[in-house]
Amino acid sequence: MSETTNDTIALGEAEVRARSAEPRPFWLWPLLPIGIAVIFVGTMVLNDVTAEIRVALVLAGIVGGYFGLDALCQRRWGSSFDTSAWLSGFWLVLIGLSAITVAWLPLQESKLVKNTIGDTPRLRPDLFSEHPLGTNSQALDILGGVMWGARTSLIISLGAVAIGLLIGGIIGIAAGYYRGPFDSGVGILADSLLAFPPLILLVAMATIFTQNQWTMALELSLLGIPTYIRLARANTLTFAQREFVLAAKSMGSGDRRVIFRELMPNVALPMVSYAFLVTAVLIVAEASLSFLGVGIQPPEPTWGNMIEAGQENYKDHPHLVFVPGIVMFMTVFALNRVGDKARERWDPREAQI
Amino acid sequence: MLRVIGLKLVRLVPVLFLVSLATFFLVDLIPGDPAANMLGTDATIEDLEAVRKSLGLDKPITDRYVDWLSGALSGDLGLSLRSPNEPVTDLIQRSVGPTLRLSAMALGMSFTIAIFLGVWSAQAAGTRVDRLVSGTMFGFISVPTFLAGLLFIFFFVFRESIPRWLWVIGMGLIVLRLLYLAISRLVEDRAHFSGWFGYAIATLVVAGLMMWVFVQWPDFPRTASHRYDDNWREQIRSLFLPALALALSEIAVFTRLLRADMLSTLQEQFVLSARAKGMPTWRILFRDALRPSSFSLITVAGITLGRLIGGTVIIETIFGLDGLGKLIVGTGVIPKNYTIVQGGVLVLAVGYVMLNAIIDISYQYLDPRIRRGRV
Amino acid sequence: MRSWLFKLLALLMVFGLVAAACGNDDDDGVTTGPDEPAPAEPSDDGDDAPAPADDGDDEPAAEPADDGEEAPADEVMMDGCEATVPGTKVNYAVFSPNANMDPTGSSGALVGGTQIVNVWDVLMAFDPAAGVSNGQAAESLTPNDDFTEWTLKIRSGITYGNGDAFIAQDVVDSMLRFFDSRGDGMNNRAAGSVGLIDFDNTEVPDDSTVIFRLHRGWSTFHTLLGDEPGMIVNPRIIAQLLDEEAANATEETSAARLVRNRMAVTPDLVNAASFGPYEVAEVEPNVRTVLRARDNYWGGPVCIEEIEFTFPGSSVANWEAFQAGDFNAAFLRDPRVFADAREAGAVLSSEDQNIGGLFLFNQGVRGAEVIGKDIRIRRAIHHAINRDIINERAFEGKLKTTNAIAAEGTLLWSPELQECADQAPSYDPDAAAALVEEVKADTGWDGSMLLVHADTDPGPEIAQAVEGMLEAAGFDIEVDLGPVTTVLIPRVIIQADYEMAGWGFNADGATWVASLNDNLLSTSGSNRMAFAHPDMDAALGELYGAANVDDQRAAIAAVQCVWSEQLPAMVYSVTEEGLALAPNIKGVQRAGATIFLFGNAYIEN
């Protein structure tokens, strides 16, 4: 795993976004309907050409359609409109909705092998069939698997982020506020945690506990805590010198009051704005663990274990890897994209650059 | 200055102590019987008892920790529990080579590509090229490493004609574009010899490269396991895909970092005056602006190298490379061969902490702005 | 603005990078990929040997090789080479890397068998097609009538790497190491059978003869001399090493073990103590082994200069890498891969291992109260599991499924055996559900069962398919999936805490007797199931004394009949394993079912 939390953040801090000077020319808008038509042809009409050509058509349709949409949106909302960020947002909403509603949707069996014994395994994706995204080696529905996987991934990574925010945030604020030996102690602890190679630490943790969503969330939060400690501490340091904090102190407010009433609301916003990026990292970390075979075990679907099971023979059945792979990629991409926007907007340190 | 460095070094001691303590006890918590690791499926209960006794697992854990730590301080990390019980230091030494080569290659690749993309998109800030690059970088950083590895194997090994033809099509478009530019310059402005001539040369060179790479397209191996001979070409060929998979997200990190730094450097007085003097753009970018801009890039690259060495487990597993990550996870954590885990993690953690300290110190030393500016 | 120059430079450097990475692999002349169409003929001469021995053959199973010079091996050499050909190399993808070159420290067979046999050579080479052994470093091996006494004549004029002569006493001393090392962390599956030799009464009348006396008659004793115990380690070197290590030995770690560990990392020691066709050039235990041709091999010049054994990661990876031309020899052990390899016309030298896919049922190991004790449950499982569904889901329909302990097409199969095999319960989910209901009603058992399975590819798919089928029949299955060393061995062997486990006996021609006895005999220490039945013990006893292939078939059929009645475990497949070879590698000889000797191999240009 090469993505770690502090890495993504370092990247964000350095980013200086230049507003796009050249808007997309409006005459590109016909690409949108053309793109949609090409996707339609690629997925539904051409059933007897090779998969490569169909995939190429769909990709071309997506790119073309995006340009068309971008042209339309920039015409409507001005040239600073960020179409890809909005699309990312929509994707996240879609993933979130499917994670919430999956239990009630009329999906084909995607978890219990005992209900698929007579069915055909490894069906190819076919959008207008019973199994739009195909079936896996156990004849389980991949669409359902991907949606259940979204639920698992989100529960785990959001849970880990929440734990990290809470613990890391409180420790970090306290360290930044009190300074002194407590601060150094916390610093040393955070440094020690960061010194471990993250994936190896996770694999070791994963072999200690039986894996379910909650234990995984707990383990993954270890990855986020030191980062959040540093973040909260740094933000606290900037706020602790600001007038309103000094004023509260001089009016005789106790430490607890200053921390909870004055500092926490202000530090919380930038920290939460980082949550998107951290979530993206944790989704990848969770999938990496599943990929190494120490995460949640199949047939309980997660994106990582679907990819792991699929790679066994993805030479002949690429959809087993690529369908969950693409969904995961798009989710991580969307989180990074939206997270970047959020941080630009809400992190005070970012604004100073 | 010395005081600052001294303080930093003193701070390392508790960090390293905590790391060693955590490693030792964490590993001890891993369930499973290390003795089982020594046996095969034909073992009997009597074999097992004999092995258990020979591992000395009956001593209390605190004694074992003290033994281990004093050994580690003198460079002895104990013996592997797996037959033939080699010293852990030997195992680490042997597997650190492949990992180092892989990480260095990944770093080199990401550096080279990032310098171009970063400089290019900085000088073209706000244009379509810039947007394309930054969008692509978002894509790169969002591909999990293991997915990148599988993707590259699929396309470069299983469907190798696809990247090969994509290369031809992509490069062909560039050639056509250059050709068009050359011809239009020639038609517009015959007097300015260099204008069209440069494009003509570029067209030829790019077309030649396109053909050469197409013809010489190598067979990338599915696994990289047995190519560690003295043949550097073979090594590069077999490490190309795993290194590229690792490099993907680093390219994105470096490019964005460099672009941001370049953007601010390009606003500085000396760059502006150089431009005013009519210096060629490439000279300004690479001679004048790149050097001051690459300061933080180099820092990040140092940290990245440290991180890569501990983070190649998955790529090593996918590509069958016997490196440090695979040693620690595959023959250490999973079969509970805990001397390997303890030794391996300790070495990685110490290396990482030391590297960070060195970078931190040199940062303090080299860049006075940081020293003053830090909270 | 001359931005074109900047752009050009940028492009150039990107290309430079790509070009450097691409390199030129033209100089890689030795490795020839399997691109050329290859006739699907067996690569080794062993396969051309007359198939199963004549039926009425009264001759003992082990046949002496022809006298020295006219040994078939020499024929192969004729079209081989005059001397070692420089630059010839076999890149061999192994099933699993080898821990130790010392035969007593190696698991043997699949794990390291080929690596070590090429260094040590072997007394007898087993011919799986005929079920007999031929002389290799031994000239002949002759039993008496009841197979309790075997006379071994060794080849004369063989010298070890250190110059010592190979004498008959060495055979006994070398085999004694196996006997003595039992329980000292040694892990070799052939070692248990060494215990059948009565060393006290074994004689060495002269320097070229050993008379083995066995504790009981054993008609296939010759196979033991084709396995690790038949690889002779110069006992004088071992004695010297033991002396050296005596001072370092502790209560926990014996000197014998220190010697083994030293052998594992010291090629010079191995080379001095061995006389096989190759020497160890480089070794990284559990990672790779490089062998180089030995100058003075007794069997004539060794043609191939170097063999490098490495491990790409799995059987599938082995095949993919072989196909890509990275290897010119690849060990395969996955039915999907074999199907691909056949389709691609690869040259294969493989063997079906019987009882390769199997589910063990715990029938009360160490007095445990488990549901598997009830034969109705074992019957229900047989009814509930459809072998074809396992095949379809985990093996893409390419597995050779069978319900017999000797599959049709293997040497010891017979119609009588198949008849008995067919009497075992077959797929019938309704019958399974009815039985489960019945047991639930009778005993109050809630249907729960623990299935333990290895997580190596395609283990997870097998486990899931079986879980699904059993749950459809009313079982409530919990699956514990993990590596062999952390899940399978602890659960099945150490704690005996399982109800059903994915396993394999892997019985081939050479290992039938040992593997069935180890696993099924009521008194065996490695009987994982606590299965005990007097009929089975009697049937197994017959196997030891079976004089020829016919008798062996009858004995195995008898075992199958008891098996089908008592259902100690459920067989679902045979496992094919073997070597894919580049078509230009000739003369590879089998020294066991799937152990390969490269002593007479050569690479055609």
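The values are calculated or read from the model by the stated rules, or taken from the named source; none is laboratory data. Owing to the predicted nature of the structure, the values given are computational and were not obtained by experimental measurement. Cβ atoms come from the backbone with ideal geometry, glycine included; neighbour counts cover every protein chain shown. Each accessible area value is taken on the protein alone, full model and side chains, heavy atoms only, with ligands, DNA and RNA left out. Shrake-Rupley method; radii C 1.70, N 1.55, O 1.52, S 1.80 Å.
Every listed requirement among (1) aromatic (Phe, Trp, Tyr); (2) more than 14 Å from chain B (Cβ to nearest Cβ); (3) not in a loop (DSSP other than H, G, I, E, B) is met by C:Phe147 save one, (3). Here C:Met263 meets the list (1) open to solvent by 20 Å² or more (accessible area, probe 1.4 Å); (2) within 12 Å of chain B (Cβ to nearest Cβ) almost entirely, failing just condition (1). Count of the range B:245-277 residues, restricted to those that are open to solvent by 10 Å² or more (accessible area, probe 1.4 Å), within 10 Å of another protein chain (Cβ to nearest Cβ) and not charged (D, E, K, R), is 4. Within the set B:Ile340, B:Ile314, B:Ile328, B:Ile309, the sole residue that is aliphatic (A, V, I, L, M), open to solvent by less than 10 Å² (accessible area, probe 1.4 Å), at the interface with chain A (Cβ under 9 Å from one of its Cβ atoms) and in contact (Cβ under 8 Å) with a residue 24 or more places away in the chain turns out to be B:Ile314. Summed over the range B:123-165, the residues that are more than 7 Å from chain A (Cβ to nearest Cβ) and not in a helix (DSSP H, G or I) give a count of 3. When the range B:167-192 is filtered for residues that are touching a Phe, Trp or Tyr at 6+ places or on another chain (Cβ under 6 Å), at pLDDT below 90 and closer than 24 Å to B:Phe214 by Cβ, the ones remaining, listed by number, are B:Leu178, B:Leu181, B:Ala182.
The rows are residues; the columns are (1) among the acidic types (Asp, Glu); (2) part of a helix (DSSP H, G or I).
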position: A:Ser253; (1), (2): no, no
position: A:Pro270; (1), (2): no, yes
position: A:Ser273; (1), (2): no, yes
position: A:Leu277; (1), (2): no, yes
position: A:Glu286; (1), (2): yes, yes
position: A:Ser290; (1), (2): no, yes
position: A:Gly295; (1), (2): no, no
position: A:Gly304; (1), (2): no, yes
position: A:Ala309; (1), (2): no, yes
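Would a scan of the range A:235-244 turn up a residue that is more than 14 Å from chain B (Cβ to nearest Cβ) and out of contact with any Cys (no Cβ under 6 Å at 6 or more places or on another chain)? Yes, the conditions are met somewhere in the range A:235-244. Might you let me know whether the range B:92-114 holds any residue that is of a type in the set (A, V, I, L, M), closer than 29 Å to C:Thr266 by Cβ, open to solvent by 10 Å² or more (accessible area, probe 1.4 Å) and free of Cβ contacts under 8 Å to residues at least 24 places away in the same chain? No, because not a single residue in the range B:92-114 is of a type in the set (A, V, I, L, M), closer than 29 Å to C:Thr266 by Cβ, open to solvent by 10 Å² or more (accessible area, probe 1.4 Å) and free of Cβ contacts under 8 Å to residues at least 24 places away in the same chain. When B:Thr304 is tested against (1) at the interface with another protein chain (Cβ under 7 Å from one of its Cβ atoms); (2) within 29 Å of B:Gly344 (Cβ to Cβ), only condition (1) is not met. Scanning the range A:341-350 turns up no residue that is more than 9 Å from every other protein chain (Cβ to nearest Cβ) and at pLDDT 90 or above. Of the residues making up the range A:181-228, those that are open to solvent by 20 Å² or more (accessible area, probe 1.4 Å) and outside any helix (DSSP H, G or I) are A:Phe209, A:Thr210, A:Gln211, A:Asn212. The set of residues in the range A:259-283 that are within 14 Å of another protein chain (Cβ to nearest Cβ) and farther than 16 Å from A:Gly159 by Cβ contains only A:Leu277. The requirement of being among the acidic types (Asp, Glu), open to solvent by 10 Å² or more (accessible area, probe 1.4 Å) and touching a residue at least 60 places away in the same chain (Cβ under 8 Å) is fulfilled somewhere in the range C:447-458, by at least one residue.
Of the residues making up the range C:478-505, just one is more than 10 Å from chain B (Cβ to nearest Cβ), in a loop (DSSP other than H, G, I, E, B) and surrounded by fewer than 20 Cβ atoms within 10 Å (Cβ to Cβ), namely C:Asp497. Only one of the numbered conditions (1) facing chain C (nearest Cβ under 8 Å); (2) open to solvent by 40 Å² or more (accessible area, probe 1.4 Å); (3) at pLDDT below 85 is violated by B:Gln216, and that is (3). Among the criteria (1) under 21 Å from A:Ile39 (Cβ atoms); (2) open to solvent by less than 70 Å² (accessible area, probe 1.4 Å); (3) assigned to a helix (DSSP H, G or I); (4) not polar (S, T, N, Q), the one A:Leu133 does not fulfil is (3). So which residues in the range C:89-126 are assigned to a strand (DSSP E or B) and open to solvent by 20 Å² or more (accessible area, probe 1.4 Å)? Scanning the range C:89-126 gives C:Lys89, C:Val111.
Which count do you get for residues in the range A:323-340 that are more than 7 Å from chain B (Cβ to nearest Cβ), open to solvent by 10 Å² or more (accessible area, probe 1.4 Å) and touching a residue at least 12 places away in the same chain (Cβ under 8 Å)? Qualifying residue count, the range A:323-340: 5. The helices (runs of 4 or more DSSP H) found entirely in the range B:17-74 that carry 1 or more residues being at pLDDT below 85, open to solvent by 40 Å² or more (accessible area, probe 1.4 Å) and more than 14 Å from chain A (Cβ to nearest Cβ) are B:45-55, B:61-73. Please verify whether the range C:437-451 includes one or more residues that are under 30 Å from B:Asn337 (Cβ atoms) and either assigned to a strand (DSSP E or B) or within 14 Å of chain A (Cβ to nearest Cβ) (or both). Checked the range C:437-451: at least one residue is under 30 Å from B:Asn337 (Cβ atoms) and either assigned to a strand (DSSP E or B) or within 14 Å of chain A (Cβ to nearest Cβ) (or both).
Cβ-Cβ distances below 8 Å connect the following pairs, each with a first residue in the range C:240-257 that is within 13 Å of chain B (Cβ to nearest Cβ), a second residue that is open to solvent by 90 Å² or more (accessible area, probe 1.4 Å) and at pLDDT 85 or above, and a separation of six or more residues or different chains: C:Ala255/C:Asn248. Candidates in the range C:200-223 are the residues that are without any contact (Cβ under 8 Å) to a residue 40 or more places away in the chain and either crowded, with 16+ Cβ neighbours inside 10 Å or among the charged types (D, E, K, R) (or both); of these, the one that is farthest from C:Gly105 (Cα to Cα) is C:Asp206.
None of C:Asn600, C:Asn519, C:Asn548 is touching a helix residue (DSSP H, G or I) at 6+ places or on another chain (Cβ under 9 Å) and open to solvent by 10 Å² or more (accessible area, probe 1.4 Å) except C:Asn600. State whether one or more residues within the range B:200-207 are facing another protein chain (nearest Cβ under 7 Å), under 30 Å from B:Arg94 (Cα atoms) and assigned to a helix (DSSP H, G or I). There is no residue in the range B:200-207 that is facing another protein chain (nearest Cβ under 7 Å), under 30 Å from B:Arg94 (Cα atoms) and assigned to a helix (DSSP H, G or I). Residues of the range C:268-283 include at least one that is touching a helix residue (DSSP H, G or I) at 6+ places or on another chain (Cβ under 9 Å), surrounded by fewer than 18 Cβ atoms within 10 Å (Cβ to Cβ) and within 14 Å of chain B (Cβ to nearest Cβ). Kindly evaluate A:Ala190 against the criterion of being farther than 28 Å from C:Thr486 by Cβ, over 19 Å from the mean Cα position of the chain (by Cα) and within 12 Å of another protein chain (Cβ to nearest Cβ). For A:Ala190, the condition - farther than 28 Å from C:Thr486 by Cβ, over 19 Å from the mean Cα position of the chain (by Cα) and within 12 Å of another protein chain (Cβ to nearest Cβ) - is met. Looking at C:Phe395, C:Phe322, just one residue is open to solvent by less than 20 Å² (accessible area, probe 1.4 Å) and within 14 Å of chain B (Cβ to nearest Cβ), and that residue is C:Phe322.
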